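A quick write-up on the structure given underneath.
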Amino acid sequence: IVGTMNRCHVFGSDNREVLSRKATQYSATLLKKTDQCRAVCTCSHLFYSQEDDGAMNNSDSLIACLKRSLKIANNAQQNASHLRSRNTTSYISLFVEVLNYYLYFFSKGLPEVTPKLIQDLIELVKSEFEEKNNYSAEDSAFFQATEAHIKYQKAKGVDLRFNEINI
């Protein structure tokens, strides 16, 4: 739905804003917390466009989507720890996915996504790895790939803001 809405240019800015907000609201009502988190993250793309006209750039709504998805991931993690069942899945990957969305918009130069915000998210993920013992090798590899991407961007030297992020 998000990809289709991004390609539709027939809506006025008011209608597009309403549709984007409704899609985000409905995304947050999905049954599984993991699906909610991923869908709300994806909806952040509804509020950002790489086109020159900037008609779809609403950084406040974009940041609100990402913060909401982080809150959903945190709630999912807390609910899973309260259940204490044997089949509790690791929700650390949700935090890494949200971090990756923040990194995407950081690399696009969105001023609201600061190096300090990225650093705080990295520290959150690292602390989750230290506290939890139920993460998988895939979770660890996923985070290591994210760290490798940040190191690559630092080494490339195109965006100097990456140098402010400590890994």
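The values are calculated or read from the model by the stated rules, or taken from the named source; none is laboratory data. All values reported here derive from a predicted model rather than from experimental measurement. Cβ sites come from the backbone with ideal geometry, for glycine too, and all protein chains shown count toward neighbours. Note: accessible area is taken over every heavy atom of the protein model, side chains too, but ligands, DNA and RNA are not part of it. Shrake-Rupley method; radii C 1.70, N 1.55, O 1.52, S 1.80 Å.
How much of the accessible area of the chain, probe 1.4 Å, is carbon plus sulfur, in whole percent?
Result for the chain: 51 percent of the exposed heavy-atom area is carbon or sulfur.
Using a 7 Å offset from the Cα along the Cα-to-Cβ direction at both LYS151 and LYS32, what is the distance between the two label points in nm, to one decimal?
3.2
Between ASN15 and ASN57, what length in nm is gained on full extension when 0.36 nm per residue of separation is reduced by their alpha carbon distance? Walk me through the intermediate numbers first.
Numbers: separation 42, 0.36 × 42 = 15.12 nm, distance 1.44 nm.
Answer, rounded to one decimal: 13.7 nm.
Using θ = phi - 60° and the Karplus curve 6.51 cos²θ - 1.76 cosθ + 1.60, what whole-Hz ³J(HN,Hα) does each residue of the range 152-167 get, with Gly and Pro shown as x?
5, 5, 5, 5, 5, x, 6, 10, 5, 5, 5, 5, 7, 9, 9, 9
Give me the percent relative contact order of the chain, please, defined on Cα pairs under 8 angstrom at least 6 residues apart. Can you show the working numbers first?
On the way: 148 pairs, mean separation 28.4, N = 167.
About 17 percent, as a whole number.
Under a GNM of the chain (C-alpha, springs under 10 Å), which listed residue has the highest mean-square fluctuation: SER61, SER136, SER44?
SER136
Amide H neighbours of ASP159 under 5 Å, counting only residues 5+ apart in sequence or on other chains, H built in-plane at 1.01 Å?
none
For LEU160 and ALA141, calculate 0.36 nm times their separation in residues minus their Cα-Cα distance, and state this gained length in nm to one decimal. Provide the component values of the computation, followed by the final result.
Values: separation 19, 0.36 × 19 = 6.84 nm, distance 2.58 nm.
Between LEU160 and ALA141, full extension yields an extra 4.3 nm.
Between ASN133 and GLU112, what length comes free when the chain is fully extended (0.36 nm per residue of separation minus the Cα-Cα distance, one decimal in nm)?
Numbers: separation 21, 0.36 × 21 = 7.56 nm, distance 3.32 nm.
Extra length from ASN133 to GLU112 when fully extended: 4.2 nm.
Applying the Karplus parametrisation 6.51 cos²θ - 1.76 cosθ + 1.60 with θ = phi - 60° to the phi angles of the range 98-107, what ³J(HN,Hα) value in whole Hz is obtained for each residue in order, glycine and proline being reported as x?
Ordered by residue, 3J(HN,Hα) equals 4, 4, 5, 5, 4, 4, 4, 6, 4, 5 Hz.
Per q in 0.10, 0.21 1/Å, what log10 I(q)/I(0) does a Debye calculation on the alpha-carbon atoms of the chain return?
Computed log10 I(q)/I(0) values: -0.41, -1.37.
When ligands, DNA and RNA are left out and all protein chains stay put, how many square angstrom of accessible area per residue does the chain have with a 1.4 Å probe?
Working: 9670 Å² over 167 residues.
That works out to 58 Å² for each residue.
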